[in-house]
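One structure is given below, encoded as C-alpha cells.
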Amino acid sequence: MGRHQWAVRFGVTATAALAWLVVGCNDPAKQGSNPSAEGTSATTTADERSAPTTTAIGKRIRVGGWNIEWLGTPGSRSGPAKNFEQTADDIADYILASGVNVLTLQEIASNEAPDGWTNKTLSRAFQIINVKTGAKWTHKLAPATTGRNQLCGIAWDAAVVTPVGEMKPAASSGPQVDGATVWSRPPPGLMFTAGTGLTDFVVISIHMKSNYNGDFSNARGEEARRLARSAPLTFSDGDLLIIGDSNCAKHAEPAPQALMTAGWADLNHDDRPTFWQGAGALDRAFVPKDQPEFAERKFEVFRESYLTQKSLSVRDFKQRFSDHFMVITEVLVMRDDD
C-alpha cells in the first residue's frame, strides 16, 4: 500500500501525514513549518504545566528507550517469538520494574483506532500501571513510510513530567544512501518540563536503518548528520536527549561518531549488548556534552536484574517481550537554565 493510500484509509489526511514525513522539521535542506500528524498533539495549558516546585530539584527523571519487537504484528516476529503475541501484562510488568518516567518506543503498530496513533497492547499496559500505581501514563506514535507498522513513538507519565507543545519529527525523510531511504521512520521528538521554572528537555525516539539485507552504516551516518542539523532548529533547545534503537553495533560506526562530532556523548560508548543474541550494542542514548542536566551520564541496560527477579531465560524474554532490552538514562531536575 502506498504512503498516500494508508494515510487516507486510516483516517489521517494525506496532507498531514506527508507533512510529518517530508516537511515536518527544520532541516536546513528542507525549511518549512512543523505541522504535527493528526492525533499526535500533546499540547497542554499553562495551568496544566504549573505543578512541581523547588521540591523536585535534585530528583532524577528516568528516560528509557525500548524496541518492542514488532508489537502488534506477531507474524513478523522471528525465531522463538514467531507468531507469539506479547501481552499487556508482561509489557506493563517490565516497564513498571524499570522505573522509567519517559519511554521512547520503536517497532510499534498503530492498531487501536482508524484515526489515532496508538497501540492497543500499550494502552492496556499503561492502564494496568496507572491503576496499580496512580501514575498517568499515555503514549503517541508517529507516521512513517512503513505504513502503520514499525512506528516510533513516545510514552510518558504525566504525574512526573508534562509535555510542552506537540510531538513533531526531529528530522525528515531524505534521499537514498546505498539503496536505503534515509529516515524511513522519521524520529519523533517531544519537549517535557519537570515543573514551573525547572528543567525542560526534549526526548527524541530513534529507529535507524538496520543492516537487514546489507551493510547500511553509511545510511545511518547520514541519518545522524541530518538529525544533528535539524533537531536543534526544530525545538530551539539545547537539552536534546536522543535514545532508542540506533542499529549501530559499535561505537566507532559513522552514526555515533557523527552525533559525537556534533556535540552529543554516546552513553553506550563501551558497546554494552542490548540485543538478545550476540554482542550487538544496538540501543543507545546520546546526551548533550555541555548540559548540566545530563552531566552524570548514567546508562543502564535493563536486563540481568529483571531476568533474575522473574526467573526468565534470555530466550523466554525474546519470546514474551522482545529481542531488545530497554536502555535507560537519567535527567537531573534543576532550575531551568534555558
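The values are calculated or read from the model by the stated rules, or taken from the named source; none is laboratory data. On a predicted model such as this, the values are computed, not experimentally measured, just so you know. Please note: Cβ atoms are built from the backbone with ideal geometry, for glycine as well, and neighbour counts cover all protein chains shown.
Here are a few things to note about the model shown:
- Among the numbered conditions (1) under 22 Å from Leu307 (Cβ atoms); (2) in a loop (DSSP other than H, G, I, E, B); (3) in contact with a Leu (Cβ under 9 Å, 6 or more places away or on another chain), the only one that Trp117 does not meet is (1).
- Check on Arg226, among the basic types (Lys, Arg), part of a helix (DSSP H, G or I) and at negative phi: yes
- Condition broken by Ser205, with the remaining ones in (1) of a type in the set (S, T, N, Q); (2) touching a helix residue (DSSP H, G or I) at 6+ places or on another chain (Cβ under 8 Å); (3) closer than 23 Å to Gly165 by Cα satisfied: (2)
- Residues (surrounded by 23 or more Cβ atoms within 10 Å (Cβ to Cβ) and either of a type in the set (A, V, I, L, M) or not in a helix (DSSP H, G or I) (or both)) located in the stretch 120-131: Leu122, Ala125
- Residues being part of a loop (DSSP other than H, G, I, E, B) and surrounded by fewer than 24 Cβ atoms within 10 Å (Cβ to Cβ) - total across the stretch 296-322: 8
Let's see how each residue does on (1) modelled with pLDDT of 95 or more; (2) within 16 Å of Arg220 (Cα to Cα); (3) not in a loop (DSSP other than H, G, I, E, B):
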position: Ala252; (1), (2), (3): yes, yes, no
position: Ala265; (1), (2), (3): yes, no, yes
position: Asn268; (1), (2), (3): yes, no, no
position: Gly280; (1), (2), (3): no, yes, no
position: Arg284; (1), (2), (3): yes, yes, yes
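- Enumeration of residues in the stretch 276-295 that are hydrophobic (A, V, I, L, M, F, W, C), closer than 16 Å to Asp245 by Cα and buried (at least 21 other Cβ atoms within 10 Å of the Cβ): Trp276, Ala281, Leu282, Ala285, Phe286, Val287
- Top-ranked residue of the stretch 96-130 - restricted to ones that are in contact with a helix residue (DSSP H, G or I) (Cβ under 7 Å, 6 or more places away or on another chain) and in contact (Cβ under 8 Å) with a residue 60 or more places away in the chain, ranked as nearest to Asp283 (Cα to Cα): Leu103
- Boolean, Glu330 is acidic (Asp, Glu), assigned to a helix (DSSP H, G or I) and more than 21 Å from Arg185 (Cβ to Cβ): no
- Residue match in the stretch 262-269 (condition: touching an Asp or Glu at 6+ places or on another chain (Cβ under 9 Å) and buried (at least 22 other Cβ atoms within 10 Å of the Cβ)): yes
- Which numbered condition Trp66 fails, given (1) closer than 22 Å to Met191 by Cα; (2) surrounded by fewer than 24 Cβ atoms within 10 Å (Cβ to Cβ); (3) of a type in the set (Phe, Trp, Tyr): (2)
- Subset tally (residues that are buried (at least 18 other Cβ atoms within 10 Å of the Cβ) and not in a strand (DSSP E or B)) for the stretch 146-155: 2
- Filter pass, Trp156 being touching a His at 6+ places or on another chain (Cβ under 8 Å) and within 20 Å of Lys59 (Cβ to Cβ): yes
- Restricting Gly134, Gly165, Gly99 to residues that are surrounded by fewer than 19 Cβ atoms within 10 Å (Cβ to Cβ), under 25 Å from Leu198 (Cα atoms) and touching a Ser or Thr at 6+ places or on another chain (Cβ under 9 Å) narrows the list to Gly165.
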